[in-house]
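One structure below.
The values are calculated or read from the model by the stated rules, or taken from the named source; none is laboratory data. Keep in mind that this is a model prediction, so the values were computed, not measured. Cβ placement follows ideal geometry from the backbone for every residue including glycine, while neighbour counts extend to all protein chains displayed.
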Amino acid sequence: MRLNTITSSLLHQLLNDETNIVYYPTLGIFDQILYLTNNNFFVFSDNLKSCSDNCRCLNSEFVDLYDYDICCASSIMSYRQQCSQLSDKINVNRIIFEHNLPDAELKKEDRFILNNDLIKIKKIFFDTTIMESWNFDNSVLCNYGIPTHKFFPIPDVKKVKNILISSGSVLGNQLKQHFEDKMELKCDVVKNMAEVSIDTINKVFNTYEIFIDLSNRTIDCLCAASAGMYSISLSSLKNIDNVPNISQVNTIEDIVNIVPLVKDKNINIEETHKYIDEHFNFNKFESIINSMFKNVKREAKVL
Amino acid sequence: MNGLFIAPYRQNDGWGFAATDYLKAINTQMQNLSARPIYYVNNHVSTVSDTVLNCENKSFKEYDIVFQKCLPHSMTIDKSIKKNVGITMLETNNLSKSMSVLNMNGMDEICVPSTQEAKTLKHSGVTTNIKVISQPIDTELFKKNSNRKIVFNTLIDSTFKFYTIAEFVERKNLFDLVAAFRLAFSNLDNVSLVIKTNANSNQLSSQFDKLKQNMGTHKYQKKEIIISERLSDVDMIGLHNACDCFVLPSYGESFCRPAAEALVLGKTPIVTDNTGMTDFINNDNGFLIRSRKCPVITEQKTLSDVFDIYNAYEHWYRPDIYHLIENMQKIYTMYKKDKQSYIRKQELGINSIDQFSYENIGKKICD
């Protein structure tokens with residue numbers, strides 16, 4: 001470890017206009033959208049490929065090659081494991097992105113302790129219901145921003161397959177089996193969208209009719225809808241089922257039942273983009289996130 | 001002029017307190033001063049003074065001067081800044097084998113708190129401009145509380161109290177202090193020894209008992225009074241005031257804030273010669289213990305990451321325990337039989353207080 005990292009990072013935070021962010025990816029499309037905010041992202045992982053010019057995936061042994069401004073964790077529960085130690089070592093402020101509701105097993109008392117432990121760290125939520133459920137101090141709401149200029153139907157690309165399932169568990173494969181055997185639909189399961197470019201994801205989305213999100217990544221659903229797919233989500237995110245081509249469901253059975261109803265459904269993409277630009281505006285998202293980064297990087301780090 | 005102060009001032013230890021004092025001193029001379037903390041250890045204070053908070057809340061687009069009060073290994077040179085000033089403190093001598101010399105040579109100026117440390121840096125190859133400026137202390141707080149005494153049951157008696165305030169680390173040489181005290185005085189002498197340290201008092205007490213056993217001296221000798229509670233700044237002044245003579249037979253000190261505090265409160269310090277303390281303590285206002293150079297061979301390390309200081313290429317000074325005994329006996333005899341000389345020494349110390357004030361030190365740093 002370079003021994004002057006703590007002071008050189010600090011000088012970078014105060015003197016440099018660029019923002020260098022140590023980021024722990026969600027492995028979903030949120031990462032790609034975050035990279036569109038034009039900051040420099042550093043992901044320390046031995047097995048991950050970079051998917052964007054402004055994101056460097058490095059082996060953790062090379063941490064001291066750069067100076068950093070902020071360390072971002074991808075959830076409240078993973079903060080300790082992800083960036084607590086590293087942020088102290090390189091002397092940078094921290095931000096936690098929280099995309100999901102608290103786990104049902106997390107007791108009220110534990111949540112209280114966690115809130116106190118993390119009180120000095122800014123938490124960014126992307127939905128009021130989720131933010132209110134956590135009810136943490138030092139929290140900020142920032143709606144997801146979907147870049148409709150990146151996710152759109154590509155003329156002449158044919159929808160050669162029926163369903164794309166986003167799932168990290170065995171459930172995705174079971175559902176795929178079901179659709180293939182019982183409904184004779186062509187179906188694929190995707191686990192990780194972190195290593196391909198945003199343009200490639202849009203191209204892939206354009207080849208499917210329906211997107212099913214089992215990974216609790218609502219933003220993936222919004223992007224799929226923006227790319228012209230009919231999207232089915234198990235998420236509890238507010239306003240999402242107001243998007244013309246998104247259905248919000250509660251159970252796996254609901255998913256199975258809704259697929260025949262939405263298959264071959266015509267999608268009015270103008271209406272979808274209009275709604276997304278109004279409620280999940282990317283420019284607004286970019287401006288909120290960048291002003292947050294700018295402020296947090298210059299603040300004194302208080303443990 | 002916009003200034004930036006970088007230091008571990010939120011740490012709850014000697015580094016942190018010294019850094020806070022430097023911040024306050026510079027702030028007396030520089031209105032546009034912003035401050036940002038760094039942390040070497042995870043031991044930090046929960047609240048800071050308004051001055052510190054005020055500086056932390058300031059942020060400027062550009063800075064003319066950056067002060068880095070840190071280990072030389074951590075200093076960073078930024079060429080976009082008009083002046084990069086490093087403020088550092090080292091307890092050992094000879095850094096010629098240390099990479100930190102390169103860092104210091106990149107800075108525009110290095111401030112150290114003692115002539116001895118300036119010599120060390122020059123001999124180690126530091127070629128940049130070196131300024132010797134004492135560590136600042138909150139002299140106003142000392143003046144306001146000059147009569148305050150701490151209320152510890154163990155300290156309410158009529159004995160002449162030798163005392164020390166020191167971390168429990170090898171460099172501070174507390175075992176020699178305890179041994180010297182036991183050899184210098186018997187139970188018939190109306191004296192006691194107070195040790196304010198960070199170690200657990202029971203553990204320390206049993207280690208001192210073992211020392212006593214190894215010494216093979218009389219079993220009926222008095223036990224030391226160990227205070228391991230955390231004390232506020234004001235209570236620390238109270239502790240000084242409840243005692244009579246500060247003793248620190250340390251192997252090496254860059255400055256030693258408790259010794260300076262003891263001096264300005266008239267506690268006639270007895271300290272090791274050839275250390276940073278001799279810039280303000282001498283045989284007129286205190287007592288210097290003869291010492292001889294020896295290599296730094298110790299388990300103590302500044303930080304686990306910093307491998308190239310605290311090694312045997314460096315040296316520090318081992319105090320002569322017999323001279324320590326002699327000095328302890330001398331001050332006690334002076335206290336009993338020659339009050340005039342005793343008071344004269346005290347007064348010399350008390351009168352030197354303003355040299356450490358925030359304003360004076362701030363002026364010197366920003367000059």
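Out of curiosity, is B:Met334 touching a residue at least 60 places away in the same chain (Cβ under 8 Å) and in a helix (DSSP H, G or I)?
Working: touching a residue at least 60 places away in the same chain (Cβ under 8 Å): no; in a helix (DSSP H, G or I): yes.
So B:Met334 does not fit the description; no.
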| query | Within region B:4-14, can one find any residue that is under 25 Å from B:Gln116 (Cα atoms), modelled with pLDDT of 90 or more and surrounded by fewer than 16 Cβ atoms within 10 Å (Cβ to Cβ)? | reply | no
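Going through region B:81-94 one residue at a time, which ones are away from every other protein chain (no Cβ under 14 Å) and either over 19 Å from the mean Cα position of the chain (by Cα) or assigned to a helix (DSSP H, G or I) (or both)?
Let us first name the residues in region B:81-94 that are away from every other protein chain (no Cβ under 14 Å), namely B:89-94.
Once the filter is applied, which keeps residues that are away from every other protein chain (no Cβ under 14 Å) and either over 19 Å from the mean Cα position of the chain (by Cα) or assigned to a helix (DSSP H, G or I) (or both), region B:81-94 yields only B:Asn94.
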| query | Just checking, how many residues over region B:195-229 are free of Cβ contacts under 8 Å to residues at least 40 places away in the same chain and in contact with a Lys or Arg (Cβ under 6 Å, 6 or more places away or on another chain)? | reply | 2
| query | Of all residues in region A:282-303, which are in a helix (DSSP H, G or I), within 14 Å of chain B (Cβ to nearest Cβ) and buried (at least 20 other Cβ atoms within 10 Å of the Cβ)? | reply | A:Val296, A:Lys297
| message | Going through A:Pro102, A:Pro147, A:Pro155 one at a time, which residue ends up being without any contact (Cβ under 8 Å) to a residue 40 or more places away in the chain and closer than 24 Å to A:Tyr275 by Cβ? | response | A:Pro155
| request: Determine the pairs where a residue that is over 23 Å from B:Asp235 (Cα atoms), located within region B:131-144, has a partner that is aromatic (Phe, Trp, Tyr) and assigned to a helix (DSSP H, G or I) with Cβ atoms under 9 Å apart, the partner being 6 or more residues away or on another chain. | output: B:Ser134/B:Phe356
| message | Filter region B:64-80 down to the residues that are in a loop (DSSP other than H, G, I, E, B), more than 7 Å from chain A (Cβ to nearest Cβ) and within 27 Å of A:Leu86 (Cβ to Cβ) and list them by number. | response | B:Leu71, B:Ile77
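Do you know which residues across region A:34-52 are in a loop (DSSP other than H, G, I, E, B), among the polar types (S, T, N, Q) and touching a Lys or Arg at 6+ places or on another chain (Cβ under 9 Å)?
Step one: of region A:34-52, the residues in a loop (DSSP other than H, G, I, E, B) are A:36-39, A:45-52.
Now drop any that are not among the polar types (S, T, N, Q), which leaves A:37-39, A:45, A:47, A:50, A:52.
Listed by number, the list holds a single entry, A:Ser50.
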| request: Give the number of residues within region B:22-40 that are within 14 Å of another protein chain (Cβ to nearest Cβ) and in contact (Cβ under 8 Å) with a residue 60 or more places away in the chain. | output: 1
| query | Before we move on, is B:Ser98 assigned to a loop (DSSP other than H, G, I, E, B) and within 22 Å of the chain's Cα centre (by Cα)? | reply | no
| message | If the requirement is being in contact with a strand residue (DSSP E or B) (Cβ under 9 Å, 6 or more places away or on another chain), assigned by TED's automatic domain parsing to the domain that holds A:Phe62 and under 18 Å from B:Gln68 (Cα atoms), which of these qualifies: A:Leu14, A:Leu34? | response | A:Leu14
| query | If you check every pair at least six apart or on different chains, which have Cβ atoms under 6 Å apart with a residue in region A:180-205 that is in a loop (DSSP other than H, G, I, E, B) first and a residue that is among the acidic types (Asp, Glu) and modelled with pLDDT under 95 second? | reply | A:Ala194/A:Asp31
